[in-house]
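Comments concern the structure below.
The values are calculated or read from the model by the stated rules, or taken from the named source; none is laboratory data. Because the structure is a prediction, the values reported are computed rather than measured. As a convention, Cβ positions derive from the backbone with ideal geometry for all residues, glycine included, and neighbour counts pool all protein chains shown. Note: accessible area is taken over every heavy atom of the protein model, side chains too, but ligands, DNA and RNA are not part of it. Shrake-Rupley method; radii C 1.70, N 1.55, O 1.52, S 1.80 Å.
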Amino acid sequence: AATGIAAFRFIWFDLLVLNPVFVPQALGSAPIANLGTIHAALAAVWLWLASKTFEKPAWRQGLAIASLGASVIAVLVTVRQLVHGSLINGTYIETSENYLYSAALMGLAIAWLARGLMLDREQLRAKLLRVAGLALLTAVTFKVFLIDAAALTGVLRILSFLGLGIALIGIGWAYGRIMGAGRKVGAEA
């Protein structure tokens, strides 16, 4: 019950009613040690730890997914605060901010994939992290292709596509190699 009430409070007040993007609030001047980032990161950690306490797999998975969502919010708030300073309200998104969102979310997707590959492959959390990492990586790739590259011209656009392609090929190769090695070990046992 306490977990549900706290999650409702976070969603209702922090994301809907008193969202600092819509309601002017001073978060602090430090890029990572500001109230928005710390609040969302603590909510992500709390939801992740709370998901371990439930016995029903549906509740565990739901809270773990909510935790991943809160970590995405923490990353987005951090980038927004880094670009705009203490007050992050307003609807204007600068081009550099848009690129930073892509880079930060790509880093988060890679971190989720790496953590999902480090855990036991049969664990529900490992599968969830791998799937969420791949889903976020796919969404960021579409964002880069459809939004970020549209602002580039000429050689910069070509280099952007080349860099993204090399990164995706590398991630796919590493993912396939690690998952393939896990299957071989499981087959030998």
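For region 43-115, the normalised intensity computed at q = 0.20, 0.23 Å⁻¹ comes to -0.86, -0.98 (log10 of I(q)/I(0), Debye sum over alpha carbons, equal scatterers, no solvent). The residues V79, V72, sorted by heavy-atom accessible surface at 1.4 Å with ligands and nucleic acids left out, run V72, V79 from largest to smallest.
Excluding ligands, DNA and RNA, the accessible surface per residue across the chain is 59 Å² with a 1.4 Å probe. Each label was represented as a point 7 Å from its Cα along the Cα-to-Cβ direction; for L156 and L18 these points are 4.0 nm apart.
Pair-distance distribution of region 1-155: all C-alpha pairs, bin width 10 Å, starting at 0; shares per bin in whole percent are 11, 34, 35, 17, 3, 0.
Leaving out ligands, DNA and RNA, and with a 1.4 Å probe, what % of the accessible surface on the chain is carbon or sulfur? The C+S portion of the solvent-accessible surface of the chain is 73 percent. For region 2-62, the Kirkwood hydrodynamic radius comes to 13.0 Å, computed from all pairs of different C-alpha atoms. Each peptide in 54-63, 129-138, 88-97 gets a packing score, the mean of other Cβ atoms within 10 Å over its residues, and the list from highest to lowest is 129-138, 54-63, 88-97. In the chain, the DSSP-assigned H stretches of four residues or longer account for a calculated mean residue ellipticity at 222 nm of -24500 deg cm²/dmol, using -39500 (n - 2.57) per stretch and the full residue count as denominator.
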